[in-house]
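Taking it in order: structure first as structure tokens, then the write-up.
The values are calculated or read from the model by the stated rules, or taken from the named source; none is laboratory data. Not measured: the values here are computed from a predicted model. Cβ placement follows ideal geometry from the backbone for every residue including glycine, while neighbour counts extend to all protein chains displayed. These accessible areas exclude ligands, DNA and RNA; they are computed on the full protein's heavy atoms, side chains included. Shrake-Rupley method; radii C 1.70, N 1.55, O 1.52, S 1.80 Å.
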Amino acid sequence: MIPTSSLLIPLLFATYASAHGFVYKLGVNTQTYTGNLPGATPSEPSVIREISTQDPVKGASNPSLTCGMNSTAGTLVADVMPGDAITFDWRGGGLDNWPHNTGPMLTYMANCGSTTCDKFDITQAKWFKTQQLGMKDANTWYLASVAAGAVANSSIPSTLAPGNYLIRHEIIALQIAVSMGGAEFYPSCSQLRVGGSQTGAPQASELVSLPGAYSDSDPGIYTPDVYNPGFQYVFPGPPVAAFVGSASASVGGTQPGSTGSGSGSGSGSGGNGTAPATTASVGAGSMPASPTDMPSSSKTCRVVRGSSQATLQARHANTNQFMRKLGLSPSVAGRR
């Protein structure tokens with residue numbers, strides 16, 4: 001007879017392998033821009049760079065860390081103004097809810113110079129961070145609300161100088177980051193043109209390359225204690241650019257070398273305090289009203305919808321416990 005554990009391991013592998021996703025829609029105030037499904041042929045015009053697959057980027061030095069797996073430029077550019085509200089509608093396979101609830105969300109921007117960002121070489125981008133959101137409390141990540149169906153919220157810095165910019169929203173899923181190299185990176189880039197007459201800009205010391213800003217051994221990327229009581233998250237990469245100010249807070253974590261409980265907000269220097277209400281990481285979001293939102297030629301990858309945050313956390317914990325009983329590392333379930 002085949003042991004029960006031998007039958008369950010392939011199911012665990014399948015569960016983790018299917019739990020991927022992408023940014024389906026970008027919101028600018030009341031305007032919504034729809035992106036292409038990963039690998040869609042032919043592509044529809046969009047401000048969102050298309051990726052080749054919904055699978056995560058693996059490895060902090062992977063060239064696809066810039067804007068997602070083999071990303072290609074969209075043909076449109078969205079006009080925005082300083083202070084505009086931005087939303088990112090993350091979806092799992094089959095346009096179901098985003099499947100992961102453990103890990104930070106980070107927002108970056110990069111100036112494309114005199115050319116519009118649909119024609120910009122993204123390998124030359126120098127990124128500055130405008131927002132970072134980690135743990136809402138000792139047991140809950142802001143990402144859990146996205147997994148429950150909400151959109152992720154950000155904004156254009158209120159003093160940002162006009163120009164052509166890429167905006168990059170990133171989820172770093174940590175559910176199997178208990179082992180080195182287990183972190184799953186999900187970056188998504190969209191093409192913007194910022195108007196107005198403001199003068200805000202990052203300092204040269206706040207600009208980074210992606211890949212280049214992260215290491216697989218960074219404490220915010222390799223997190224062996226992520227499910228242990230008392231875990232405090234440390235954000236990877238640079239701090240939020242100083243000119244952005246407290247309007248885009250660093251919530252629920254610290255920068256390397258900073259001190260504090262990791263439960264407050266600051267201007268990007270690892271400070272702690274109370275996050276203003278306008279910096280909430282998620283907002284009310286809606287799923288497609290009908291299957292017509294998804295081309296019939298797309299490949300689907302089903303994930304469980306409507307799961308509560310507690311249920312999702314319990315599944316992660318139970319999976320880890322089960323793998324340990326089998327004498328395996330918890331990360332085995334996530335290898336592909």
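Would you mind stating whether Ser155 is open to solvent by 10 Å² or more (accessible area, probe 1.4 Å) and under 25 Å from Asp118 (Cβ atoms)?
Numbers: open to solvent by 10 Å² or more (accessible area, probe 1.4 Å): yes; under 25 Å from Asp118 (Cβ atoms): yes.
Considered against the rule, which asks whether it is open to solvent by 10 Å² or more (accessible area, probe 1.4 Å) and under 25 Å from Asp118 (Cβ atoms), Ser155 comes out as yes.
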### Residue, surrounded by the fewest Cβ atoms within 10 Å (Cβ to Cβ), within the stretch 127-143, restricted to residues that are assigned to a loop (DSSP other than H, G, I, E, B) and among the charged types (D, E, K, R)
Asp137
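Tell me the residue from Gly39, Gly83, Gly68 that is part of a loop (DSSP other than H, G, I, E, B) and open to solvent by less than 10 Å² (accessible area, probe 1.4 Å), please.
Values: Gly39 fails: open to solvent by less than 10 Å² (accessible area, probe 1.4 Å); Gly83 fails: open to solvent by less than 10 Å² (accessible area, probe 1.4 Å).
Answer to the check: Gly68.
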### Task
Report, ordered by the first and then the second residue, all pairs with beta carbons closer than 9 Å, sequence separation of six or more or different chains, a first member in the stretch 75-98 that is in contact (Cβ under 8 Å) with a residue 12 or more places away in the chain and at positive phi, and a second member that is assigned to a strand (DSSP E or B) and surrounded by 18 or more Cβ atoms within 10 Å (Cβ to Cβ).
Gly83/Ser155; Gly83/Leu160; Leu95/Tyr24
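For residues in the stretch 242-259 being assigned to a loop (DSSP other than H, G, I, E, B) and in contact with a Gly (Cβ under 7 Å, 6 or more places away or on another chain), which is modelled with the lowest pLDDT? Before you say what the answer is, go through the steps one by one.
Step one: filter the stretch 242-259 for residues assigned to a loop (DSSP other than H, G, I, E, B), giving 248-249, 252-253, 255-259.
Next, from what is left, pick out any that are in contact with a Gly (Cβ under 7 Å, 6 or more places away or on another chain): 249, 252-253, 255, 258.
Details: Ala249: 59, Gly252: 91, Gly253: 92, Gln255: 91, Ser258: 62.
Looking at the filtered set, the residue picked out is Ala249.
Being open to solvent by 10 Å² or more (accessible area, probe 1.4 Å) and over 20 Å from the mean Cα position of the chain (by Cα) is true for just one of Ala204, Ala213. Which residue is that? It would help to see each step written out before you state the result.
On the way: Ala213 fails: over 20 Å from the mean Cα position of the chain (by Cα).
Unique residue meeting the criteria: Ala204.
Within the stretch 99-126, which residues are assigned to a strand (DSSP E or B) and at negative phi? Show your work before the answer.
Residues of the stretch 99-126 that are assigned to a strand (DSSP E or B), as a first pass: 105-113.
Met105, Leu106, Thr107, Tyr108, Met109, Ala110, Asn111, Cys112, listed by residue number.
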